[in-house]
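Q: Have a look at this one before I ask anything.
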Amino acid sequence: MDFATEIIAYIGRFHPLVLHLPIGSLLMTFLLLLVSRFQKVPLDKAIRIGIDFSFAGAFFSALLGYFLSLDSAYDFEALKFHFWAGIITLLLTLGLSIVHRMKNKENLFFGGFLLTLVALSVTGHKGAQITHGDDFLSTAELFETPPVLVKIDSLDYYKEVVHPIFVDKCISCHNANKSKSELRLDRYDLILKGGERGSLFNSENTAEGRLVKYIELPLEDKLHMPPKNKSQLTQEEKWLLTHWVNSKAYLEQKIVSLDEDELLKNKVISFLGIGDKVKPADRSVLAQLDAAGFRIKPNALH
């Protein structure tokens, strides 16, 4: 990417900021239209201003979106639907501005506005999928009952530790729709493949591998990962990732025994939230139970 394209792509990063203007403006204008239509309140001037402002906002949002798409981190095939849906929304907004200036076209204007809101919703949804992933509105996790772990002696280290860290801190920039530096961290095989700078790992000197090296760089370094404007890895997460690399466990996805390494076991237990201490019972409650004839013995707690 040449310097001029990089500047244009940088300007495109304001797309997520600007896109909220036409969304809010269109919704507010539609509310004014409902009041005008059903309460018989003359709001034509305010509605026209709202539509024109929405069109201007949609135009600049689409332009910045195109600039942002020039960033090589984005897969244009994944952007294509969102891009054309945005263009359709822009043209529909322009159509609303034209129709509103015509006489006796109230029903056409109202129907067109509804269609524009549908197009806006679809465009926004696809944009959110690109940013947050295809399953960002999935309700599956709401109805899943995670297994309650009370003891652990082995686990799939990649699946239970590494992948959750990547999902929380890395995958938003390294996924199927957006792969900065041509690196994807959403699949095990693609992690091993690496990105445009090569492999993340150095089997001869693990400390020189890009994964370990980049997470330990100073926050201000442009190669520090995650970038300073993103949620950062905790010290515990850094330790767990570094252990994964140093032990060369990344070479294959397998079950790792924890009983042989007490420090690792404690780190994993802390990360997974296993074995959290239970707060002692309130003394007043214990006194009430005792008065009621209940007896609590130490072995009842095991």
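Q: From the list GLU220, GLU237, GLU204, pick out the single residue that is acidic (Asp, Glu), on the phi < 0 side of the Ramachandran plot and not in a loop (DSSP other than H, G, I, E, B).
A: Only one candidate passes the filter, namely GLU237.
Residue-by-condition table, conditions (1) among the charged types (D, E, K, R); (2) surrounded by 12 or more Cβ atoms within 10 Å (Cβ to Cβ); (3) within 24 Å of SER154 (Cβ to Cβ); (4) in contact with a helix residue (DSSP H, G or I) (Cβ under 9 Å, 6 or more places away or on another chain):
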| position | (1), (2), (3), (4) |
| --- | --- |
| PRO218 | no, no, no, no |
| PRO226 | no, yes, no, yes |
| GLU236 | yes, yes, yes, yes |
| LYS254 | yes, no, yes, yes |
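Q: Just for the range 121-166: of the residues that are modelled with pLDDT of 70 or more and charged (D, E, K, R), which one is surrounded by the fewest Cβ atoms within 10 Å (Cβ to Cβ)?
A: ASP153
Q: Quick one: in the range 152-190, which of the residues that are assigned to a loop (DSSP other than H, G, I, E, B) and in contact (Cβ under 8 Å) with a residue 60 or more places away in the chain is farthest from LEU240 (Cα to Cα)? Spell out how you get there, then give the answer.
A: To start, the set of residues in the range 152-190 that are assigned to a loop (DSSP other than H, G, I, E, B) comprises 152-153, 170-173, 175-177, 183-187.
Checking the rest, the ones that are also in contact (Cβ under 8 Å) with a residue 60 or more places away in the chain come to 152-153, 173, 176-177.
On the way: ILE152: 16, ASP153: 16, CYS173: 21, ALA176: 25, ASN177: 27 Å.
Among them, the one singled out is ASN177.
Q: Here is a list: LEU264, LEU190. Which entry is within 29 Å of ARG13 (Cβ to Cβ), in the same structural domain as HIS174 (by TED's automatic domain parsing) and surrounded by 14 or more Cβ atoms within 10 Å (Cβ to Cβ)?
A: Answer to the check: LEU190.
Q: Then there's this: Find all pairs meeting these conditions: Cβ atoms under 7 angstrom apart; at least six residues apart or on different chains; first residue within the range 100-112 and under 21 Å from PHE53 (Cβ atoms) and surrounded by 10 or more Cβ atoms within 10 Å (Cβ to Cβ); second residue of a type in the set (Phe, Trp, Tyr) and at pLDDT 90 or above.
A: Pairs that qualify, where the first residue is under 21 Å from PHE53 (Cβ atoms) and surrounded by 10 or more Cβ atoms within 10 Å (Cβ to Cβ) and the partner is of a type in the set (Phe, Trp, Tyr) and at pLDDT 90 or above, are HIS100/PHE109.
The values are calculated or read from the model by the stated rules, or taken from the named source; none is laboratory data. Only a predicted model underlies this, so the values are computations on that prediction, with no experimental measurement involved. No Cβ is skipped: glycine too gets one built from the backbone with ideal geometry, and neighbour counts run over all protein chains shown.
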